[in-house]
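Asker: Next up is a structure, given as structure tokens.
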2 protein chains.
Amino acid sequence: MGRPRGFDEDQAVQAAIGVFAERGYDGTSVDDLVASLGVHRNSLYKTFGSKGGLYTRALRWHVEHQVRPLVAAVAAAGDIAEAMRRVLAADAAEPGFDLLLRAAVERAPVDPEIAEMVNGCLGELDEALGHVLIAEQPGAEKAARVAALTTALTATVLGLRLRARAGASDTQTTEAGGAVAHQFSRHEI
Amino acid sequence: MGRPRGFDEDQAVQAAIGVFAERGYDGTSVDDLVASLGVHRNSLYKTFGSKGGLYTRALRWHVEHQVRPLVAAVAAAGDIAEAMRRVLAADAAEPGFDLLLRAAVERAPVDPEIAEMVNGCLGELDEALGHVLIAEQPGAEKAARVAALTTALTATVLGLRLRARAGASDTQTTEAGGAVAHQFSRHEI
DNA sequence: GGAATTTAGGAACGATCGTTCTTGACTGGT
DNA sequence: ACCAGTCAAGAACGATCGTTCCTAAATTCC
């Protein structure tokens, strides 16, 4: 059935995640991708259709294989402090969720498909944090309030990573995460 | 002293803020700027030096004239709920702080001058929230804990605006802001 | 009313953008 | 062995990128 491929598709997608996360969509050229992925132009277009197609594939892979496990780890945490610690630890290490962050800022507003993936993923994180919050505060039945708080907590996580990217120190973000977790855990919500 | 200018410099900078905030740095071409600012190429380069120079000027103006008043309004708020309301209201309206958000994500990591401006501005927001927090909780002397909490609160604000950009509804972000403010205000920190 | 000086208006630069085409190398099925 | 089909390699496409150059128009100073 023809000549076999000289590259692994998933491996190429993973490399694309790193490049897009670092330089952004508009800041990444096809030449950059060709050089970083080890996949030649023709194969790239044959396999992914376009630069945008590769980006969508990369974000999908990122969400499903890198962010989803992080969400699962958060959902399995015993308390908010532990959940916060896990999400910030995964954030500081590779691969984190930098591509999701950048996609939310620069692609979601102009690409409905990207927006749907981003919001779906953030919604899952909301849910995970909600489970931890409810398990920790068994007396709180007000689902609406929990939902609002989890939205805020997810926003805090995103914002802390954003500040880390912009130059904030690891200790600053770690302490901030711990402080907000403490604030949420020692009183009822 | 030569032919007078056919454009207002501050007005051009303000227009640039809008364009850069909407399309990002790499997503904005000089042709876009020429068309949106009503300033012709030669004048643009004569006045601002380069695309990057104009971006720096735009961000500086944004921080000093648009974000700073917002920070002042936050600092003057009576409690965290009011501060949160003010920051989210200014966020939903024009001009908000979208350029600061985008700069933090896509320019601060690669441009030290931008990083310094962004972090300085976020630090001011931290301070403003810290004042409100301390005034509200007069018994809390632990400055370190307040600093960590304000870092987290600033991150929450950034994250909520990020989610709004990505498609979250106004009510969702508003309720989230209210919920987190409530969480911070009705117990001591 | 020139001379000097500054801006506006565009054409034009080389470089790079995303994408396509051409050619040859390599494979499985008959 | 040969044909059909897939992939690699790279040249090449028109368009657009950020930037510069040249000329004409408009102002102040003498």
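Asker: Exactly one condition in (1) in contact (Cβ under 8 Å) with a residue 40 or more places away in the chain; (2) in contact with a Ser or Thr (Cβ under 7 Å, 6 or more places away or on another chain) is not met by residue A:19; state its number.
Answerer: So residue A:19 meets the others, but not (1).
Asker: Could you please tell me which pairs satisfy a Cβ distance under 6 Å, a separation of 6+ or placement on different chains, a first residue in region B:43-68 that is at negative phi, and a second residue that is at pLDDT 95 or above and among the acidic types (Asp, Glu)?
Answerer: Every condition considered, no pair remains.
Asker: For region B:13-47, which residues satisfy the criterion of being surrounded by 20 or more Cβ atoms within 10 Å (Cβ to Cβ), within 14 Å of chain A (Cβ to nearest Cβ) and near DNA strand D (Cβ under 9 Å from one of its atoms)?
Answerer: Scanning region B:13-47 gives B:25, B:28.
Asker: Continuing with the same structure: Working only within region A:153-172, note down all residues that are out of contact with any Leu (no Cβ under 7 Å at 6 or more places or on another chain) and either more than 8 Å from chain B (Cβ to nearest Cβ) or more than 17 Å from residue A:98 (Cα to Cα) (or both).
Answerer: A:164, A:169, A:170, A:171, A:172
Asker: Go through (1) of a type in the set (Asp, Glu); (2) within 14 Å of chain A (Cβ to nearest Cβ); (3) touching a residue at least 40 places away in the same chain (Cβ under 8 Å) for residue B:10 and report which single condition fails.
Answerer: Result: residue B:10 fails condition (2) only.
Asker: Identify the single condition in (1) out of contact with any Leu (no Cβ under 6 Å at 6 or more places or on another chain); (2) buried (at least 24 other Cβ atoms within 10 Å of the Cβ) that residue B:145 does not satisfy, given that it satisfies every other one.
Answerer: Unmet condition: (2).
Asker: Out of B:90, B:16, B:72, I need the residue that is more than 12 Å from the chain's Cα centre (by Cα) and more than 16 Å from DNA strand C (Cβ to nearest atom). Which one? Outline the logic, then answer.
Answerer: Details: B:90 fails: more than 12 Å from the chain's Cα centre (by Cα); B:16 fails: more than 16 Å from DNA strand C (Cβ to nearest atom).
Every option except B:72 fails the conditions.
Asker: Listed residues A:106, A:175; which is among the acidic types (Asp, Glu), within 7 Å of another protein chain (Cβ to nearest Cβ) and buried (at least 24 other Cβ atoms within 10 Å of the Cβ)?
Answerer: Values: A:175 fails: buried (at least 24 other Cβ atoms within 10 Å of the Cβ).
Answer to the selection: A:106.
Asker: Can we say residue B:54 is within 15 Å of DNA strand C (Cβ to nearest atom), crowded, with 23+ Cβ neighbours inside 10 Å, assigned to a helix (DSSP H, G or I) and at pLDDT 95 or above?
Answerer: Values: within 15 Å of DNA strand C (Cβ to nearest atom): yes; crowded, with 23+ Cβ neighbours inside 10 Å: yes; assigned to a helix (DSSP H, G or I): yes; at pLDDT 95 or above: yes.
Yes, satisfied.
The values are calculated or read from the model by the stated rules, or taken from the named source; none is laboratory data. Computed from a prediction, not measured in an experiment: that's the story for all the values here. Cβ atoms come from the backbone with ideal geometry, glycine included; neighbour counts cover every protein chain shown.
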